[in-house]
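Enquirer: The structure follows.
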């Protein structure tokens, strides 16, 4: 391998005539053709895959029906998008003005982000009654975190001399926010809003899964129940195209307002803490306690504030009693935990498989850039699909067993990991790559020694964010299709009005997600400390 | 804009009211316990009204910290800073203090004009479009009023930053290595332009720099600091006449003063091992990547 051309720009010289869009288009056409052929030959009549031509025919046939449903879902998604993002911007502003509040805002935001959306659906349904209330709320819940975190990062991503300039005229945080941080964070805001577009659509659809009258989510459920393969695929395609359109449109608008491409962001870096280890543990424990207290307080206060009936709006004490204080508590705990174990037994392997395969795929694309250029835009597009909307398809394709779930969770983890790691690998400073080129180090050597350490933070950011997403994917699949695990348990409780059990499931799942997130953050600290200490500030 | 020019039309000194800055017995520590760094220990400095003082010293001696404390950007661990007897914060709010930063600190989304106007906005003053236009002319940026910082060269950006400093009519000018990030040719050019601007504007001044010629050409007194913890080890007056001009760079006085400063700093010696700065930490294999962008920005 001739290192220099191979490492830096070899492939560009080999295919001088093909521009990037041509390679991408070729990739998409090849993908569609393969799909068509497989659907019409290998898997024909197996109730798994509909061929692209069948899907187009179905959309054409049901255009009026799908159009009405799409309008309903889109409206709910749009409202949720606006409310969720407005909340995120407000919260980020508060965190920027009151430095002490920032960690608390972040922690609470994470807890809310970890709420299992599916299970929140039925509770919201009882609160709001019929209509689009639950869809809007879920859409808002689905978007605000992915906007809040990039904004918080963006507010800080300014040279220190800019806030100093404001301070040198004796002005404080507010003026700094107005004159410096707000404008500087726009590319970050755009990145967040881009991810929020598909997320809002997903939230609205999940809301419709749990008892709405109209919308694409309702049609999805009907299509699954009647084993309408082409119909299920048609809805997934509509959801996907709409989401990608939102993603692209926001990116386009964002480019007009901020020069240069918006940065790809997945999560805030862990806040560096230079204090002594013992002290760090104490403040860490204090932070957890404080967050828990505030979260429970908010939970209780919200229910009281809206005067919600205790029959369905369970208070923290109800959940505590249900799990620990009643004669039946032992059995209750056993029921929740065994269902949880069943869910985790597929979620964890699926999550890890998604991470590993995503990481390896990104490395392969780095070694074979031509393949990467063909596949990366597709991966970015697929990342913006509301994958949950395709969960029914995967269940159709791979059956109701553990394997289907594994595929769902794995896919959901795979795409963000791939995109993040691919971006991270390209982040390696040019001079370092040049240095390896000077010594004629091979592509693999450069990858392992130089590029992978640079990509680790991006990988872990993706890994952290994928935890709640993986739990959500697993529970949605269980709720809709497989009839196993804690997702199914929640579906049962929702239909039998066993609200104590439902709330307990929500609490337990939230705790599991938060704990998983924290665990990944710990592993991240350890690995970065060990293999890439320069990445820790 | 208040008129506190140092010289009248004939070049005679004018009596004006400019602030005296006192830094008294200041100690500054960074970090906690084991990793504690003492940047300054019992540091004293007085800036006489209407004079420019240059602060030179090895890297990390705390000279920028001194400037930041006078600017109200950092607080002393003990001891105090006063501007005409008042703490920095109150004075800053009236737009009487201006800081020039090493990286110009121009906001990239604002035009040159708007960046200069920002200072007046922050100081709570009116827009004064005419004044801004005059300043742009004075620093030689006429025709670039609507340009954004990205379209300017490094030297032009510093000129814009200096115009912004002067926009509020400050009585105290704090220059933190203002030309540290521009190339040597531009630096020499700006070194000749800056004294003229400062003399015309009139202000008490502090210049933090690494450059001995810059310090001597701009200042009335050069204060030399020791390595960390920073103390004053020499105060060298600069008996060059004002207004300063390029010809003075070749004068005997200039060369003598520059020699004395170099002597006090302990540079320009043949024997090795003069510890100018603490041994640098070994370079990591891979330069640090800003995590702020989520590792993928």
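All of the numbers you see were taken from the coordinates with simple rules; none came from a lab. Note that the structure is a prediction, hence the values are computed from the model and not measured. Glycine gets a Cβ as well: all are built from the backbone with ideal geometry, and neighbour counts include every protein chain shown.
Enquirer: Quote the FRET efficiency, to the nearest 0.05, computed for residue A:301 versus residue A:398 with a Förster distance R0 of 45 Å and r equal to the Cβ-Cβ distance.
Expert: The value I calculate is 0.55.
Enquirer: I've got another one for you. Please report the relative contact order for chain A, taking Cα pairs under 8 Å with a sequence separation of at least 6, and give it as a percent rounded to a whole number.
Expert: The normalised contact order for chain A reaches 20 percent.
Enquirer: With a ≥ b ≥ c the root eigenvalues of the C-alpha gyration tensor of the range A:88-191, is it rounded (a/c under 1.5), prolate (a/b larger than b/c) or oblate? Walk me through the numbers on the way to the answer.
Expert: Working: a/c = 3.08, a/b = 2.79, b/c = 1.10.
Prolate, since a/c reaches 1.5 and a/b exceeds b/c.
Enquirer: So, in Å, what gap is there between the alpha-carbon centers of the range A:470-495 and the range B:64-105?
Expert: Measuring centre to centre over Cα atoms gives 60 Å.
Enquirer: Also, I was wondering about something else. Which stretch or stretches of the range A:333-360 have amide N atoms under 17 Å from the point lying 7 Å from residue A:530's Cα along the Cα→Cβ direction?
Expert: The answer is A:356.
Enquirer: May I pose another question? May I have the convex hull volume per residue, in Å³, for the Cα set of chain A?
Expert: Enclosed volume per residue, from the Cα hull, is 171 Å³.
Enquirer: If each residue of separation counts as 0.36 nm, what is the full-extension length gain between residue A:61 and residue A:34 once their alpha-carbon separation is subtracted?
Expert: Working: separation 27, 0.36 × 27 = 9.72 nm, distance 2.40 nm.
Difference between extended and current length: 7.3 nm.
Enquirer: Report, to two decimal places, the Cα Rg of the range A:108-152 normalised by 2.2 N^0.38 Å (N = number of residues).
Expert: Relative to the 2.2 N^0.38 Å estimate, the range A:108-152 comes out at 1.23.
Enquirer: Given just the C-alpha atoms of the range B:106-169, how large is their convex hull per residue in cubic angstrom?
Expert: 68
Enquirer: Right, another one. With a/c under 1.5 counting as rounded, go ahead and sort the range A:49-265 into rounded, prolate or oblate using the C-alpha gyration tensor (a ≥ b ≥ c being the square roots of the eigenvalues; past the cut-off, prolate if a/b is larger than b/c, else oblate).
Expert: prolate
Enquirer: Here is a further query. Where in the range B:226-249 is the amide nitrogen less than 13 Å from a point lying 7 Å along the Cα-to-Cβ axis of residue B:38?
Expert: Of the residues in the range B:226-249, B:228-231 have backbone N under 13 Å from the label point off residue B:38.
Enquirer: Also: Whole Å is fine, so just give me how far the alpha carbon centre of the range A:298-342 lies from that of the range B:138-198.
Expert: Here the answer is 65 Å between Cα centres.
Enquirer: Gain in length, residue A:255 to residue A:308, computed as 0.36 nm per residue apart minus the alpha-carbon separation, to one decimal in nm?
Expert: 14.6 nm
Enquirer: Calculate the FRET efficiency for residue A:448 and residue B:147 from the Cβ-Cβ distance with a Förster distance of 35 Å, rounded to the nearest 0.05.
Expert: Values: r = 45 Å, r/R0 = 1.29.
It comes out at approximately 0.20.
Enquirer: Okay, moving on. Provide the gained length on full extension for the span residue A:112 to residue A:21, in nm with one decimal, where the gain is 0.36 nm per separating residue minus the Cα-Cα distance.
Expert: Working: separation 91, 0.36 × 91 = 32.76 nm, distance 3.95 nm.
Difference between extended and current length: 28.8 nm.
Enquirer: Using only alpha carbon pairs under 8 Å that are at least six residues apart, calculate the relative contact order of the range B:63-111 and give it in whole percent.
Expert: Across the range B:63-111, relative contact order equals 28 percent.
Enquirer: Would you work out if the range A:457-537 is rounded, prolate or oblate? Take a ≥ b ≥ c from the square roots of the eigenvalues of the alpha-carbon gyration tensor; rounded if a/c is under 1.5, else prolate when a/b is larger than b/c, oblate otherwise. Intermediate values should be presented prior to the final figure.
Expert: Values: a/c = 4.94, a/b = 2.81, b/c = 1.76.
Cα axes put the range A:457-537 in the prolate bin.
Enquirer: Among A:445, B:235, which comes first, then next, by fewest other beta-carbon atoms within 10 Å?
Expert: Lowest to highest Cβ neighbour count: B:235, A:445.
Enquirer: Between the range A:49-111 and the range A:186-252, how many Å separate their Cα centres?
Expert: 8
Enquirer: Mind checking the log10 I(q)/I(0) for the range A:78-149 at q = 0.12, 0.26, 0.28 Å⁻¹? Debye, one equal scatterer per Cα, no solvent, two decimals.
Expert: -0.34, -1.11, -1.19
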